[in-house]
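Visitor: First the structure, which I've put down as structure tokens, then a few questions once you've had a look.
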Amino acid sequence: MIQKITHLSVFLLLSLSGIAQDVSNSVWHVQAKNIDPNNYYGVTVANGMIGIVSSAEPLKVKDIVLNGAFDTYGRGRVSNIMKTFDFANMDMDVDGQRLDRKRIQNYAQTLDMQHASLTTTFDHTDKISVKQTISALRHLPHTALMEVEITAKKDVSVTPHSVLSAPDMLRDVKNFYHLIDRPHSLIPLITSVAKSPTGKNTVAASNSFIFEEERGKEPALIHEEWDYGLHRLKFTIQLKAGQTYRFAVVGSTTSSEHVADPHNEAERLTIFAALERTERLKKRHTEAWNKLWESDIVIEGDAYVQRDVHFALYHLYSFAREGTAYSLSPMGLSGLGYNGHVFWDTELWMYPPLLVLHPEIAKSLLEYRFQRLEEAKNNAFSHGYEGAMFPWESDNEGQESTPVWALTGPFQHHITGDIGFAFWKYYQVTKDKIWLRDRGYPLLKEVADFWASRAEKGNDGKYHIINVVCADEYAENVDDNAFTNGMAKEVLGYAAEAARELGVTPNPKWVEVATGLVILKLDNGVTREHATYNGEIIKQADVNLLAYPLKVVTDITQLKKDLDYYEARMDKNGPAMSFAILCLLNARLGNTEKAYQLFSQTYKPNEVPPFGVIAETAGGTNPYFATGAGGFLQTLLNGFGGLDITKAGIVQLKTKIPAQWKSLTLKGIGVDKKTFVVR
């Protein structure tokens, strides 16, 4: 009989010694000590499919999110991402007394970013020390492993419980327990299966113990079902003072969004992992992460910034994976933030670092959009336009899922351009003409047809885009937004270039509209954010995006004029990406000292305790804001590092690094895995 852990695969490793190793100077570790449970924002271990969010409570996790599993419930009457079964939770009885926060000391949690595992260490009174490490297995997207190590300080009786429970949103929960008995292995399986809130999906999770004892010498297991929402598997061991006991739990989770038969598949995946055994699972997980870290950003001369860079990279690498058709929500897999929907946050902020560091992962983000192209075409049809109109908030099916009270859904149309922009940049980086023929151009054509039908020819003979929400979301239902028009201009040109690359004649209307679209100016020569803009405070960068990532504004005088004007009008409490753009543009202009002053503002004011995960805004409480991490990483890759994506692929502009750093090395860049250095 073996302990269970339910749905998503989790890799939990509990090891020994309640005293955490000092890693304060490590560039690969983030550690939390003296934890205040009332001011705690957890860190996430994830593998692009499952996300496990830590808790301030010993042996517990806060949330487990399953990518791709959506249903309509809760906020906004729209389709939201769901939690899966809480399969990574444990209870532990020590001499018959339930372990809880009041009876532990030396509590610390350490994220090992290099190996993607979270280790928790603590002492329970004067009786035992426990070490726990949690990781979502990178090579097995639906599976996780938990390894536990308990060391006795005196003679003691310990009863670990593997607890499998259902979150409130799941219904019709059914629990199962059975034993697979083989001559050389005993695999006890506890499994839970449930329906999503509307009954649309089936969700399942299963787990099993892995014992170190020989077959037949494992501890006796007791299965308990307290109610339909919770069941557990437990065993009792007697330890002598100084003795250490180790065991592991392996678990898997999936849903009918992923497979036709999630109940049986969750159990099959768990059996597979259980028979792989602990060391092999950890070895393959580590090898997968070692490969990811071949693409890295290395700062010589500032260990603290280096650690922050690894923290941001770790989250982007954790939230996405190669070989899928899943994209990135602003909060990744760190919880239910923004309902798990996909916005422009992906294509403009999180996608660009992944494109240059891991094009194979970036390709998965694009596949998400391509597979939902028909929904975007339906959306354009419904709004009276041609081509494809992508939703502002996209759910797993690619439908518009913005709550109706938000005008961004029907009017923030630049998202369609942003997606076309990302598709063309992938081709420029990879030169994959087969992909361009099969994926890139078919989407770019529909995007260009949308803009050609969306733009209107005015009495001035120019083209205008009327009635939009700007990238600066304080400006709603305005005309000729600079970023929207600029993005449409560029993407119409990209579609024409893509056609010519494939020997296809581009639609002449695309060039006509791109050439005729207006970019307005104020009387002082500053690029005007929209037709009725008169100097108001703005939520976030808009006009400045015309200089990066777009190349609509290339004249240095114009760039500086726009930068000075809008920096003074940027809401200092707005999202972190604005500071990233200000930093990046100053770095490219050679204003290195000013860029460095802005650099820390891209993320530092947004850090929350105890790990320093970043929220959307300074003082915010909705981490982890992966969008902000993407902007922060672009300041290094495309700002101080000078990387630029052009017709010739990835090139490096001449830039300088801050005087506080000795060098900046960008490793594993592009399909050729090149290295770029700035000293």
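The values are calculated or read from the model by the stated rules, or taken from the named source; none is laboratory data. Every value quoted in this text rests on a predicted model; they were computed, and no experiment measured them. Cβ placement follows ideal geometry from the backbone for every residue including glycine, while neighbour counts extend to all protein chains displayed.
Visitor: Would you check if there is a residue in region 581-589 being surrounded by fewer than 19 Cβ atoms within 10 Å (Cβ to Cβ), assigned to a helix (DSSP H, G or I), at pLDDT 95 or above and assigned by TED's automatic domain parsing to the domain that holds Val305?
Guide: yes
Visitor: Okay, next question. Can you find a residue in region 175-184 that is within 17 Å of Met92 (Cα to Cα), in contact (Cβ under 8 Å) with a residue 24 or more places away in the chain, in a strand (DSSP E or B) and in the same structural domain as Phe87 (by TED's automatic domain parsing)?
Guide: Among the residues of region 175-184, not one is within 17 Å of Met92 (Cα to Cα), in contact (Cβ under 8 Å) with a residue 24 or more places away in the chain, in a strand (DSSP E or B) and in the same structural domain as Phe87 (by TED's automatic domain parsing), which makes the answer no.
Visitor: Filter region 11-34 for residues that are modelled with pLDDT under 95 and either touching a Phe, Trp or Tyr at 6+ places or on another chain (Cβ under 6 Å) or at positive phi (or both) and give the result.
Guide: Within region 11-34, Ser17, Gly18, Asn34 meet the criteria.
Visitor: I'd like to check something: does region 544-566 contain any residue that is buried (at least 22 other Cβ atoms within 10 Å of the Cβ), at pLDDT 95 or above, small (Gly, Ala, Ser) and not in a loop (DSSP other than H, G, I, E, B)?
Guide: The answer is no; no qualifying residue exists.
Visitor: Just checking, how many residues over region 437-455 are within 20 Å of Arg372 (Cα to Cα) and part of a loop (DSSP other than H, G, I, E, B)?
Guide: Going through region 437-455 one residue at a time, the tally reaches 0.
Visitor: Within region 498-506, does at least one residue satisfy the condition of being surrounded by 23 or more Cβ atoms within 10 Å (Cβ to Cβ) and touching a residue at least 60 places away in the same chain (Cβ under 8 Å)?
Guide: Checking region 498-506: at least one residue is surrounded by 23 or more Cβ atoms within 10 Å (Cβ to Cβ) and touching a residue at least 60 places away in the same chain (Cβ under 8 Å).
Visitor: Please work out which one of (1) modelled with pLDDT of 95 or more; (2) within 25 Å of Gly612 (Cα to Cα) is the condition Asn89 fails and give its number.
Guide: (1)
Visitor: Across region 201-229, what is the number of residues that are under 27 Å from the mean Cα position of the chain (by Cα), hydrophobic (A, V, I, L, M, F, W, C) and outside any strand (DSSP E or B)?
Guide: Final tally of qualifying residues: 0.
Visitor: Okay, next question. Looking only at residues in region 600-612 that are farther than 16 Å from Leu313 by Cα and touching a helix residue (DSSP H, G or I) at 6+ places or on another chain (Cβ under 7 Å), which one is surrounded by the most Cβ atoms within 10 Å (Cβ to Cβ)?
Guide: So the residue we want is Asn606.
Visitor: Right, another one. May I ask you to say which residue of Gln597, Gln601 is within 24 Å of Thr346 (Cβ to Cβ), polar (S, T, N, Q), in a helix (DSSP H, G or I) and outside the structural domain of Asp418 (by TED's automatic domain parsing)?
Guide: Gln601
Conditions (1) in the same structural domain as Phe411 (by TED's automatic domain parsing); (2) out of contact with any Lys or Arg (no Cβ under 9 Å at 6 or more places or on another chain); (3) of a type in the set (D, E, K, R), marked per residue:
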residue	(1), (2), (3)
Arg437	yes, yes, yes
Leu443	yes, no, no
Val447	yes, yes, no
Ile465	yes, no, no
Tyr474	yes, no, no
Phe483	yes, yes, no
Ala488	yes, no, no
Thr505	yes, yes, no
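Visitor: Still on this structure, I have one more. Test of understanding: among Arg75, Arg98, Arg103, which residue is farther than 20 Å from Glu147 by Cβ, touching a helix residue (DSSP H, G or I) at 6+ places or on another chain (Cβ under 7 Å) and surrounded by fewer than 21 Cβ atoms within 10 Å (Cβ to Cβ)?
Guide: Arg75
Visitor: Restricting attention to region 16-36, report how many residues are touching a strand residue (DSSP E or B) at 6+ places or on another chain (Cβ under 8 Å), among the aliphatic types (A, V, I, L, M) and part of a loop (DSSP other than H, G, I, E, B).
Guide: Matching residues across region 16-36 total 5.
Visitor: So is Thr617 surrounded by fewer than 24 Cβ atoms within 10 Å (Cβ to Cβ), under 22 Å from Asp472 (Cβ atoms), modelled with pLDDT under 95 and under 19 Å from the mean Cα position of the chain (by Cα) or not?
Guide: yes
Visitor: Could you check Thr254 against (1) surrounded by 20 or more Cβ atoms within 10 Å (Cβ to Cβ); (2) outside the structural domain of Phe70 (by TED's automatic domain parsing); (3) touching a helix residue (DSSP H, G or I) at 6+ places or on another chain (Cβ under 6 Å) and say which number it fails?
Guide: For Thr254, the exception is condition (2).
Visitor: Which one of these does Leu145 not meet: (1) free of Cβ contacts under 8 Å to residues at least 60 places away in the same chain; (2) crowded, with 24+ Cβ neighbours inside 10 Å?
Guide: The failed condition is (1).
Visitor: Let me ask you something else. For Tyr351, work out the one condition from (1) buried (at least 22 other Cβ atoms within 10 Å of the Cβ); (2) more than 16 Å from the chain's Cα centre (by Cα); (3) not basic (Lys, Arg) it doesn't fulfil.
Guide: Failed condition: (2).
Visitor: Out of the residues in region 456-482 that are touching a His at 6+ places or on another chain (Cβ under 7 Å) and in a strand (DSSP E or B), which is surrounded by the fewest Cβ atoms within 10 Å (Cβ to Cβ)?
Guide: Within region 456-482, the match that is surrounded by the fewest Cβ atoms within 10 Å (Cβ to Cβ) is Glu456.
Visitor: Mind checking which residues of region 490-525 are under 36 Å from the mean Cα position of the chain (by Cα), β-branched (Val, Ile, Thr) and assigned to a loop (DSSP other than H, G, I, E, B)?
Guide: Val518, Ile519
Visitor: Could you grab the pairs with beta carbons closer than 9 Å, sequence gap of 6+ or different chains, first residue in region 254-280 and touching a residue at least 40 places away in the same chain (Cβ under 8 Å), second one part of a helix (DSSP H, G or I) and of a type in the set (D, E, K, R)?
Guide: Thr254/Glu265; His258/Glu265
Visitor: Another one. Tally time: how many residues in region 147-174 are part of a loop (DSSP other than H, G, I, E, B), within 18 Å of Thr253 (Cα to Cα) and out of contact with any Ser or Thr (no Cβ under 8 Å at 6 or more places or on another chain)?
Guide: Looking only at that region, the number is 1.
Visitor: How many residues does region 396-433 hold that are assigned to a loop (DSSP other than H, G, I, E, B), of a type in the set (S, T, N, Q) and surrounded by fewer than 20 Cβ atoms within 10 Å (Cβ to Cβ)?
Guide: 1
Visitor: Just to be sure before I move on: is Thr198 outside any strand (DSSP E or B), modelled with pLDDT of 95 or more and of a type in the set (S, T, N, Q) in the structure I sent?
Guide: Yes.
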